[in-house]
Amino acid sequence: MKTLFTLSLLATGLLATSAFAGDAVKGKATFVGKGCWQCHGYEGQGGSAGPRLANTQLPEDAVISFVHNTNGIMPPFSEKLISDAELSDIYAYLQSRPKPADPKTIPLLNLK
Amino acid sequence: MTEPRNGSGTDRRRFLKGAALAGAAPAIAATTSVTQAQVAAPRHIPSALPPNAHQIAAETHAPGPIENRIGGKPGSDFMVDVLKTLDIKYTPSNCASSFRALHESIINYGENKAPEYLSCMHEESGVGMAHGYFKITGKPLMTMVHGTVGLQHATMGIYNAWCDRVPVIIIGGNDLDAAARPPGVPTFHAAQDINTIVRDYTKWDDMPTSLQAFAQSMVRGYKIAMTPPYGPVAISLDAGLQQEPIGAHNSGLYIPKFTMPSPPSGEMGAVKDAAKMLLAAENPVIVADRAARTPNGIRLLVELAELLQAQVVDQGGRMNFPNTHYLARGAAVAAQADVILGLELSDFWAVVNSYTDNGEHGIGYNSAKAKAGVKLISISSVELLTKANYQDFQRFQSVDISMPADAEATLPALIEAVKSQMTSERRAQNDQRAEKAKKAFADIRARETAAAAVAWDASPISTARLCMELYNQIKDEDWSLVASEGNVSNWPNRLWKMEKHHHWLGRSGGYGVGYGAPASVGAALANRDLGRFSVSIQSDGDLMFAPGVLWTAAKHKIPLLSVMHNNRAWHQEVMHVQRMASFRNRPSNYGNDAGPIGTMIQNPDIEYHKLAESMGWWAKGPIKDPAQLGPAIKEAMAVVKSGQPALLNVWTQPR
């Protein structure tokens with residue numbers, strides 16, 4: 001189980017750096033420029049207005065499809081508003097976010 | 001030619017000569033024999049009563065030196081006598097001519113004590129301060145507002161207090177006599193039925209036309225405001241009534257005694273039925289909004305929850321339930337409940353349904369989120385106070401047991417009913433339920449801290465980091481989070497240890513933005529008198545509606561640590577306009593900003609630290625680097641502990 005988990009994380013890492021067409025730097029600008037930051041935070045960290053996207057476990061095509069088609073609480077962004085390529089960049093940006101530290105190592109999250 | 005004051009004005013003047021020296025007598029009666037005065041004759045009878053010593057002296061002796069130019073004790077001095085019996089500690093107000101007479105009486109005749117006058121820059125600030133003050137002390141303040149325009153300024157604050165079930169005593173000035181009042185400005189500021197401006201969102205209002213009627217109105221108004229469900233009341237004072245002397249025709253003046261009303265509690269039959277339903281439930285959930293009016297309300301709710309092993313959703317209208325308790329839960333648990341007990345909910349419909357702002361044609365859609373067949377019990381005093389115009393009563397929700405009664409007052413009976421109906425089999429289930437609940441609670445806590453760790457080092461600073469840096473510094477104080485306006489993703493409620501009544505005061509009530517700044521100053525004033533440490537999380541948009549309240553805090557030495565959640569936007573609206581653009585399938589126009597035109601507070605950025613500094617605060621900012629935040633908070637705390645307010649302008653993530 002543990003090995004599998006590590007493998008899948010590794011795979012995600014590989015994808016983020018090489019296998020994706022997306023460009024994380026452009027992705028950051030698009031994430032801000034198209035308004036994704038408003039509900040997900042500049043780092044995609046999530047909060048009361050939208051879930052965490054940074055280091056998402058969702059595959060890229062699922063993210064693209066979700067953004068274009070959702071009819072849940074997030075307003076959809078059609079292909080006219082954001083292209084698949086732009087979403088690929090955003091995906092790369094989200095995967096490039098540093099992994100959060102283990103909360104046990106952050107003293108302020110362990111206050112008595 | 002100058003006309004004399006007409007009508008009652010000239011009537012009163014006829015008494016001036018004879019009553020000049022007798023003026024003090026009614027007030028003596030008023031302040032010394034409150035109970036006896038209950039049975040005093042009504043106003044028109046005193047002419048038949050034997051004259052008192054002062055009146056005899058006035059009629060039989062040569063007049064002595066005149067005490068003052070108006071020839072007697074002013075009506076507004078008597079008003080102060082009345083106020084003093086109610087022990088109203090402060091009157092945060094913006095000065096104005098229509099209540100100048102009462103103002104003068106408060107600071108001179110009343111020696112500026114109970115009430116003490118506090119200088120405000122805006123009527124909305126006065127109301128907001130009274131709002132916050134009440135949530136700490138459980139005692140109302142009064143605020144004076146000027147004629148038409150002052151009351152108009154006060155309205156949003158009054159509406160918030162109404163929706164938040166908070167008593168505030170609004171005292172208005174109004175010059176009624178159209179022929180006698182000064183023309184021009186005071187006439188613009190007068191109205192025939194001035195309280196109509198706020199009638200829809202006050203519990204009661206009045207415009208007494210005699211001093212005796214004022215005394216009755218004031219005590220009645222206070223009593224109405226203080227009967228749950230609490231709420232604001234408005235009493236408008238004629239300028240003539242305040243300014244003219246107490247005439248001999250008022251010699252029987254008395255002040256009615258105030259007795260604190262007891263809150264209405266649920267009918268016993270309904271209470272027993274509710275206990276039965278809750279005991280039969282597999283998964284009972286308690287949802288509380290403004291349930292704990294007092295610290296005892298929290299204790300009672302814990303007792304009930306533990307008896308039933310029911311999960312509790314604290315919606316946060318007040319501090320209802322300790323977030324450290326293993327039965328504390330987020331709103332989602334209501335979806336699994338088979339019985340829901342709603343305590344003072346402002347919106348029961350939304351507990352069991354949801355509204356998604358994403359339907360066809362740009363209109364949202366409703367969906368049920370509770371289990372089919374879920375049984376609902378409501379205990380809410382607000383049902384005793386429904387008005388037609390403003391829609392704060394929310395959507396209609398059918399329930400199975402409805403108790404229009406005060407929740408806190410009903411809890412002791414409900415607890416007793418649960419205890420007496422509890423069987424040993426049912427009690428035996430509790431250990432298992434508790435074990436399960438404790439495990440679930442630990443898992444939730446772990447998930448919350450993991451979520452807080454994401455973007456921990458981000459700049460602008462994450463709201464989780466902001467809140468935890470702050471908590472780290474205040475946690476060993478007797479702290480009180482006096483306001484948290486703007487949305488910091490609820491981190492204080494998720495991660496701080498909130499256990500006491502004053503740890504969390506709830507929000508504005510009516511979601512009228514601009515509540516946070518004045519309410520935090522009012523609550524900090526109350527905490528100052530109790531020796532407690534006040535902290536607020538202050539959003540940028542909220543502060544800018546009436547920032548003058550910062551000056552009030554400095555002027556009156558109200559210690560408050562205000563840490564800004566400065567996301568440089570009216571962020572809720574950023575998302576609303578973005579949503580509209582997405583629905584309409586067109587890009588949103590950001591102009592030169594980071595979000596839709598008209599929703600961002602940037603270009604130029606407001607230097608809130610300078611704004612605060614200019615009004616006498618210690619301030620620092622803008623702080624964008626999370627590493628600098630802790631040391632800055634430490635510095636600010638030292639200032640606050642020395643008795644001054646301090647503000648940190650912190651650049652934050654949007655939510």
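Give the percent of DSSP beta bridges with both residues in the range B:268-446 that are antiparallel, rounded to the nearest 5. Expressed as a percentage, antiparallel bridges in the range B:268-446 total about 15.
Which of B:K438/B:K641; A:K112/B:K555; B:K387/B:K557; B:K375/B:K436 have a Cα-Cα distance over 31 Å?
Values: B:K438/B:K641 38 Å; A:K112/B:K555 37 Å; B:K387/B:K557 39 Å; B:K375/B:K436 23 Å.
Over 31 Å Cα-Cα: B:K438/B:K641; A:K112/B:K555; B:K387/B:K557.
Distance from the C-alpha centroid of the range A:23-47 to that of the range B:584-655: 21 Å, rounded to the whole angstrom. By the scheme Lys and Arg +1, Asp and Glu -1, what is the net charge of all other residues having a beta-carbon under 12 Å from that of B:I286? Every neighbour counted, the sum reads -4. Ranked for footprinting exposure by Cβ neighbours inside 10 Å, fewest first, B:C163, B:C120 give B:C163, B:C120. Simple point charges give the picture: +1 on the Cβ of Lys and Arg, -1 on the Cβ of Asp and Glu, and for the range B:376-435 a dipole about the Cα centre of about 100 debye. Taking a ≥ b ≥ c as the square roots of the eigenvalues of the Cα gyration tensor of the range A:18-98, is the shape rounded (a/c under 1.5), prolate (a/b larger than b/c) or oblate? Judged from the Cα gyration tensor, the range A:18-98 comes out rounded (a/c under 1.5).
Just list whichever of B:K272/B:K371; B:K475/B:K624; A:K99/B:K371 have alpha carbons separated by over 32 Å in the model shown.
Details: B:K272/B:K371 24 Å; B:K475/B:K624 23 Å; A:K99/B:K371 38 Å.
The pairs that break the limit, which is 32 Å between Cα atoms, are A:K99/B:K371.
Could you tell me which of rounded, prolate or oblate describes the range B:457-511, using a ≥ b ≥ c as the square roots of the eigenvalues of the alpha-carbon gyration tensor, with rounded for a/c under 1.5 and, failing that, prolate when a/b is larger than b/c and oblate otherwise?
Working: a/c = 2.36, a/b = 1.17, b/c = 2.02.
The shape class here is oblate.
Over what distance in Å are the Cα centres of the range B:164-205 and the range B:415-440 separated? The range B:164-205 and the range B:415-440 have Cα centres separated by 55 Å.
Put a dot 7 Å past the Cα of B:S424, heading toward its Cβ, do the same for B:I70, and the two dots end up 7.6 nm apart. Legend: Rg and Dmax of the range B:75-246, from Cα coordinates, 14.3, 45 Å. Amide H to amide H, with H built 1.01 Å from N, B:D478 comes under 5 Å of B:F533, counting only residues 5 or more places away or on other chains.
For B:K73, the lysines whose Cα falls under 20 Å of its own Cα, not counting residues fewer than eight places away in the same chain, are B:K17, B:K84, B:K113. Each of B:Y222, B:Y390 was scored by other Cβ atoms within 10 Å of its Cβ. Listed from fewest to most, they are B:Y390, B:Y222.
Only helical runs count toward this figure. For the protein assembly as shown, summing -39,500 (n - 2.57) over DSSP H runs of n ≥ 4 and dividing by all residues gives -12500 deg cm²/dmol at 222 nm. In this label model, B:E607 and B:D273 are separated by 6.5 nm, measuring between points 7 Å along each Cα→Cβ vector.
Using only atoms on other chains, find how many Cβ atoms lie within 10 Å of each Cβ of peptide A:72-82 and report the average.
Values: counts 2, 7, 3, 11, 4, 5, 3, 1, 3, 6, 2.
Taking all residues of A:72-82 together, the mean is 4.
Its alpha carbons give the range B:191-327 an Rg and a Dmax of 22.2, 71 Å.
Which ordering of B:T155, B:T410, B:T324 is given by a fewest-first count of other beta-carbon atoms within 10 Å? Write down the numbers at each step before the final one.
Numbers: B:T155 18, B:T410 26, B:T324 12.
Fewest-to-most Cβ neighbours within 10 Å comes out as B:T324, B:T155, B:T410.
An oblate overall shape is assigned to the range B:357-427, the ratio a/c of its alpha-carbon gyration tensor axes (a ≥ b ≥ c) being 1.5 or greater and a/b not exceeding b/c.
Quick one: putting +1 on the C-beta of Lys and Arg, -1 on the C-beta of Asp and Glu, what dipole do you get for the protein assembly as shown around its Cα centre, in Debye to the nearest 20? List each step's numbers first, then the result.
Numbers: 72 positive and 70 negative charges, 211 e Å.
With only Lys, Arg, Asp and Glu charged at Cβ, the dipole is about 1020 debye.
Of the residues B:T148, B:N527, B:A372, the one whose Cα sits farthest toward the positive end of the charge dipole of the protein assembly as shown, with +1 on the Cβ of Lys and Arg and -1 on the Cβ of Asp and Glu, is B:N527.
Which percentage, to the nearest 5, of the DSSP beta bridges contained in chain B is antiparallel? Bridges in chain B are about 10 percent antiparallel. Charge dipole of chain B (Cα centre as origin; +1 on each Lys and Arg Cβ, -1 on each Asp and Glu Cβ, all else neutral): 620 debye, rounded to the nearest 20.
Rule-based calculations on the coordinates, nothing more; no lab input. What you see is a predicted model, and the numbers here were worked out from it, not measured in a lab. Here the Cβ is made from the backbone with ideal geometry for all residues, glycine too, and neighbour counts use every protein chain on show.
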